[in-house]
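In what follows, a structure is listed as structure tokens, so that the remarks can point back to it.
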Amino acid sequence: MASEFYLTLYDSRVLSVLGCGERIESTMEAFENAVKHGTEMLEMDCHLTRDEYVVVSHDENLLRQTGQDVNISSLDLQDLPLYKERMEVLFYEGRYSTGVDRKIALLEDVFRKFPELPVSIEIKENNKRLMQKVSDLVRSYNREGITVWASVDNTIMTECRRTNGSMPYSFSMTRGMLLLLLFYTGLLPFVPLGESLLQFYLPRIMNRTYFPGGILANKLVVSLLEKVTMRRSLFQHLAARGIQVHLFVCNEEEDIKAAIEVGATGVMTDYPTLLSTYFCKTRSSD
């Protein structure tokens, strides 16, 4: 199974989202920096340019990242603007990153540079052409066992799997809710699961970073969410079935510690140096 093969590729919990706390997000420089510091998996979002190149960018609209209010899908590759010289870290309000490289990366360049490194690709729009282009690149670079479909939208995930069913895939939000329901009703051990990866926010970071307002700014709500979702027995059950559990976005040492203690098999961060330093410290103290 793809999940079993995927599980064997890494088990030391050194992972990274984009490394965008240390270099400009979604650039080759950010990925290279993350890998240099021991990252064993890259997570990224992909979009399609007007001339059908698959590029790596968190946003389809480039206003936040470049200052220009344009969509990637409306531009040819050669017309994509550069990222800002100084960019706020998306998941860490008030923190900024800089770097020499400000160019939006091609997915193909990532595959070419890191041929054996697992990559999780989130698809945010129901664009069949984008999915097909991603699938074609995955097949071309012989990466079907180590490239993961990811999407919070179950409709998009279904289409991704229809496009290439040989790739491992992560839980959508709908499937994640079903997973919790099965766990709390005691039915989970008896239900087959096709997913290879569960990605979820470490709840404690929600009201600190990504969700500064609204209901998730309420500490009681976040505390309840943490009690419901962060169940070590659930994560151990998934790991025993060959399913990875990755918690993000762990941008402080206490976040990393909390993720490991609750049983996560992977930690996703914007600060790969922080993560590698943490593991070096914990290993040396064992």
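Only aspartates and glutamates eight or more places from K84 in sequence, or on another chain, were considered; those with a Cα closer than 15 Å are E22, E25, E29, D59, D69, D101. With contacts taken as Cα pairs under 8 Å at a separation of at least 6 residues, region 80-176 carries a relative contact order of 22 percent.
From its DSSP helices (H runs of at least four residues, each -39,500 (n - 2.57)), the chain gives a residue-normalised ellipticity at 222 nm of -10500 deg cm²/dmol.
Excluding same-chain neighbours fewer than eight residues apart, the lysines reachable from K113 by a Cα-Cα span under 23 Å are K36, K103, K133.
Only Cα pairs under 8 Å and 6+ residues apart enter the sum, and on that basis the relative contact order of the chain stands at 21 percent. Candidates P118, L187, Y271 compared by Cα position along the dipole of the chain: farthest toward the positive end lies L187, with charges placed on Cβ.
Listed peptides 68-81, 258-271 appear in the order 258-271, 68-81 once ranked by packing, highest mean of other Cβ atoms within 10 Å at the front.
Gyration tensor over the Cα atoms of the chain: the corresponding equivalent ellipsoid has semi-axes (square roots of 5 times the eigenvalues, largest first) of 28, 23, 19 Å.
Using Cβ point charges alone (K and R +1, D and E -1), the dipole size of region 138-199 about the Cα centre works out to roughly 120 debye.
Excluding same-chain neighbours fewer than eight residues apart, the lysines reachable from K219 by a Cα-Cα span under 18 Å are K227.
Of interest is the spacing of the C-alpha centroids, which for region 246-270 and region 111-183 amounts to 22 Å. Rolling a 1.4 Å probe over the protein heavy atoms gives region 6-162 an accessible area of 44 Å² per residue. For the chain, a simple Cβ point-charge model (Lys and Arg +1, Asp and Glu -1, everything else neutral) yields a dipole of about 680 debye relative to the Cα centre.
Less than 5 angstrom separates the built amide H of V148 from those of V119, S120, I121, all sequence-distant by 5 or more or on a different chain.
The values are calculated or read from the model by the stated rules, or taken from the named source; none is laboratory data. Because the structure is predicted, anything quoted here is derived from the model rather than measured. All Cβ positions, glycine included, derive from the backbone under ideal geometry; neighbour counts span all protein chains shown. Only protein heavy atoms, including side chains, enter the accessible area calculation; ligands, DNA and RNA are left aside. Shrake-Rupley method; radii C 1.70, N 1.55, O 1.52, S 1.80 Å.
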